[in-house]
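Colleague: Quick one: structure below, then a few questions.
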Amino acid sequence: MFYDHNKTTIGNLITELTHDATVQKLLAYSLGRVLLNEAKAIHGVLDLDVLPEYEHIRDWLLATVKNGEKWLESVDAHGRPKKLMKFGSIDAIVREADKAMMKFAQKSRQVRIADGDEQVAHELSDGWYVVRLLTPTALDRESGEMQHCIGQGGYDDKLNDPAYAYYSLRDPFGKAHATMEVSVPKGVPLQMQGKQNDEPIPEYFDRMLEFMKTVGIVPVQLTPESRWVFDEDHKRHDIENLPDGVTLVGSVSVMLKKMSFPKRVAVRGDLKITASDIACMPEELHVGGEYRVGNSQLRTTPRFLKVGGDIGISASRCEVAETVDAGGKLFVAKSHVSRLPCGLVAKNRVLLDQCDELTNLENLTSLDHLFLTRMPPNIRLPDGLQLGSLEIVETEFSTYPSNVTVKRDVDLYKTGLEKLPDGLVVHGCLDVSGNPLGELPEGLRVGDHLTFSKTQVSRLPEDFAVGGSIIASDTPLTSLGKLREVNGRLEISRTQIEELPDGLHVRMDLDAVESRLKTIGSGVRVGKTLYITKTDVTELPADIVVEEGLDASYSSLRSLPDGFETQGEIRLEGSDLRALPEGFHAWGNLNISHTPITEFPAGVVIDGDLKCTGTRLRKLAEDTVVNGDVEHPLGNSIFLRPMERMMLNMARNARKQVSP
């Protein structure tokens, strides 16, 4: 599970770094492979930000592709450049990128600037000024002087894109000291680099801030590890020494810090605290976006926390806040949190995962959704709690929580649930899978789907109603009792049921795979597909209706009723089918491989493909029509007129080629 999550996370990171498909592959072979291996070594879950070293690697690979470097042609058996496959760490990749950058810088120092390569964007005090870089030559010259990756061709294509602009800070002698990439639509800097990709010194930062304020570029923290953050007046602040009452623009990251906040702080964007030890949190904290705390210790608790988006606490030792005003959900996982804040309301969702100290939920009165997974066994829900939906997974709840009101779905999976109350009404879905539950109560009413897979339920109650699907797989259920109407899917796979009752109507799929099913009653209707794979059903009733497909593969089915039709695929491979009925019409594909069929009757029409390998079938009837492909060892020779069949195939393929 972690491996798939980490692959997805790395894929998202690479997509965020570049949209160039070739460079994405190269990043996957190098950066992605190393990150995945590092996560596997520690059995960890990745939560990745775009770090400067990742951008540096990207810039190197962009330039490599742009310049057609020869080493790209030296690949292994899987087509992967050997140079990229040798790296065992991020540092090793960065060192290789540094080497390439320095080689290019040495070549670029002698590049001469011509008229039109640069344009003065703003004149600062003391003779300093800012120029806009307009041409690849200007980027190469900047890269050579600053010894970073803006040259080498990696950014050339963006010069013609009005969404990007590139600026250089110059002293009175024309020497470059800082380079900035700006997102024009957002009005924020994407990067600001000093020499050799280091962060500019404070003096250069402040000069660029003067320029940014004049032209309306909003300063933001440049990297998660940067110490510099900015207020609404374009003033620079050290994240470890913020003034009381400050309002910071953009998103702010506190990473690997040991520090204290002032009493009042506001952040316009997201606030993320990672791997830090915070001696003092703000008494009043406002976050316009999301608020995240990971692998950190917060030694004091905010008195009031207002967050426009979600709140996430993971692998941390802290309390959330005394009171919150949250625009989104609250997620707490694997953390030493002992109580939940006041202020959570009906619009909020709360998700709690493996918080061993959190047993007190008394501050909760109303939520949209409450999700508990692997929580301590002594956790209890407060009386009168109003919920939109409730989901409890692998957390001990042996009795149904009747002290709360749930408006929609109730999901109690692997909770040790032993009994449901008589007359229980659930307005949405009810899922009680994976429990030692022995019976369903009389008077049960479920507005949508009912799922009780992997329970000990052996019979259905006399009086119950379900508005949607019924999922009862992997149970000792022996009979459907009085059930005659299912408004969704009916799943009875791997149950003890031997008979489907007369008049049963299932509006969607009926899945009886690997059950004890032997007999299907008359008048049965299935709105979609009937699955009777690996059952002992020998025949279908003459009046059965199956709307969208039949899967009777590896079953005991010996025949199909005369006039049987279904709009979907028919799979009969491995069954005991002896013959098809005369005039049989398959509206989709037909698979009769590995069956005892030896011949086709008259009038068979198959609109899709015919698969009949592993049979004793040697010839089709003279009037057999197969509008799709035929999969048989004899190929078209199975037809009485194979040349005519071949011509029909050629005409059909020609129509496919010219169709839009």
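The values are calculated or read from the model by the stated rules, or taken from the named source; none is laboratory data. This is a predicted model, so every value here is computed, not measured. We place every Cβ from the backbone using ideal geometry, glycine too, and count neighbours over all the protein chains shown. When the accessible area is computed, the model is the full protein with side chains, heavy atoms only, and any ligands, DNA or RNA have been set aside. Shrake-Rupley method; radii C 1.70, N 1.55, O 1.52, S 1.80 Å.
Colleague: Specify which of the listed residues (L580, L557) is surrounded by 20 or more Cβ atoms within 10 Å (Cβ to Cβ), on the phi < 0 side of the Ramachandran plot, assigned to a loop (DSSP other than H, G, I, E, B) and modelled with pLDDT under 95. First the steps, then the outcome.
Modeller: Working: L557 fails: modelled with pLDDT under 95.
One residue alone meets the criteria, L580.
Colleague: Suppose we filter L412, L358 for residues that are within 24 Å of P441 (Cα to Cα) and not charged (D, E, K, R); which single one remains?
Modeller: Within the list L412, L358, the selection yields L412.
Colleague: Across the range 589-608, what is the number of residues that are in contact with a Phe, Trp or Tyr (Cβ under 8 Å, 6 or more places away or on another chain) and over 9 Å from V626 (Cβ atoms)?
Modeller: The number of residues fulfilling the criteria is 2.
Colleague: Shifting gears a bit: Does any residue of the range 402-412 turn out to be at pLDDT 95 or above, surrounded by fewer than 22 Cβ atoms within 10 Å (Cβ to Cβ), closer than 24 Å to Y531 by Cα and of a type outside the set (A, V, I, L, M, F, W, C)?
Modeller: No, because not a single residue in the range 402-412 is at pLDDT 95 or above, surrounded by fewer than 22 Cβ atoms within 10 Å (Cβ to Cβ), closer than 24 Å to Y531 by Cα and of a type outside the set (A, V, I, L, M, F, W, C).
Colleague: So, one more: Any residue that is outside any helix (DSSP H, G or I) and free of Cβ contacts under 8 Å to residues at least 40 places away in the same chain - is there at least one of those in the range 38-60?
Modeller: Within the range 38-60 (the criterion being outside any helix (DSSP H, G or I) and free of Cβ contacts under 8 Å to residues at least 40 places away in the same chain), the answer is yes, since at least one residue qualifies.
Colleague: Going through P476, P461, P421 one at a time, which residue ends up being closer than 27 Å to R349 by Cβ and either outside any strand (DSSP E or B) or open to solvent by 10 Å² or more (accessible area, probe 1.4 Å) (or both)?
Modeller: P421
Colleague: When the range 340-382 is examined, which residues are found to be in a loop (DSSP other than H, G, I, E, B), of a type in the set (S, T, N, Q) and open to solvent by 30 Å² or more (accessible area, probe 1.4 Å)?
Modeller: Selection gives Q354, T359, N363, T365, N378.
Residue-by-condition table, conditions (1) assigned to a loop (DSSP other than H, G, I, E, B); (2) under 17 Å from M192 (Cβ atoms); (3) at pLDDT below 85:
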| position | (1), (2), (3) |
| --- | --- |
| G88 | yes, no, no |
| F104 | no, no, yes |
| K107 | no, no, yes |
| R112 | yes, no, yes |
| D115 | yes, no, yes |
| Q119 | no, no, no |
| L139 | no, yes, no |
| H148 | yes, yes, yes |
| L169 | no, yes, no |
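Colleague: Another one. State all residues of the range 20-79 that are among the basic types (K, R) and surrounded by 15 or more Cβ atoms within 10 Å (Cβ to Cβ); if no residue qualifies, say none.
Modeller: Selection gives K25, R33, R58, K66.
Colleague: Of all the residues that make up the range 157-166, how many are open to solvent by less than 30 Å² (accessible area, probe 1.4 Å) and in contact (Cβ under 8 Å) with a residue 24 or more places away in the chain?
Modeller: Final tally of qualifying residues: 2.
Colleague: Inside the range 181-209, can you point out the residues that are out of contact with any helix residue (DSSP H, G or I) (no Cβ under 8 Å at 6 or more places or on another chain) and touching a residue at least 60 places away in the same chain (Cβ under 8 Å)?
Modeller: Those that are out of contact with any helix residue (DSSP H, G or I) (no Cβ under 8 Å at 6 or more places or on another chain) and touching a residue at least 60 places away in the same chain (Cβ under 8 Å): V188, R207, M208.
Colleague: Here's a follow-up. Scan (1) open to solvent by less than 60 Å² (accessible area, probe 1.4 Å); (2) farther than 20 Å from D20 by Cα; (3) modelled with pLDDT of 90 or more for the single condition L134 breaks and write down its number.
Modeller: Among (1) open to solvent by less than 60 Å² (accessible area, probe 1.4 Å); (2) farther than 20 Å from D20 by Cα; (3) modelled with pLDDT of 90 or more, L134 violates only (1).
Colleague: Which numbered condition in (1) surrounded by 21 or more Cβ atoms within 10 Å (Cβ to Cβ); (2) under 24 Å from R616 (Cβ atoms) is the only one that V526 fails?
Modeller: In the conditions (1) surrounded by 21 or more Cβ atoms within 10 Å (Cβ to Cβ); (2) under 24 Å from R616 (Cβ atoms), V526 misses (2) alone.
Colleague: Any idea which of (1) under 21 Å from V506 (Cβ atoms); (2) crowded, with 17+ Cβ neighbours inside 10 Å; (3) small (G, A, S) is the one G388 doesn't satisfy?
Modeller: Among (1) under 21 Å from V506 (Cβ atoms); (2) crowded, with 17+ Cβ neighbours inside 10 Å; (3) small (G, A, S), G388 violates only (1).
Colleague: Can you confirm whether the range 311-321 contains a residue that is open to solvent by 30 Å² or more (accessible area, probe 1.4 Å), in a loop (DSSP other than H, G, I, E, B) and farther than 23 Å from P382 by Cα?
Modeller: yes
Colleague: Further, regarding this structure: Looking at the range 48-65, which of the residues that are under 20 Å from S253 (Cβ atoms) and among the charged types (D, E, K, R) is modelled with the highest pLDDT?
Modeller: Filtering the range 48-65 for residues that are under 20 Å from S253 (Cβ atoms) and among the charged types (D, E, K, R), the one modelled with the highest pLDDT comes out as R58.
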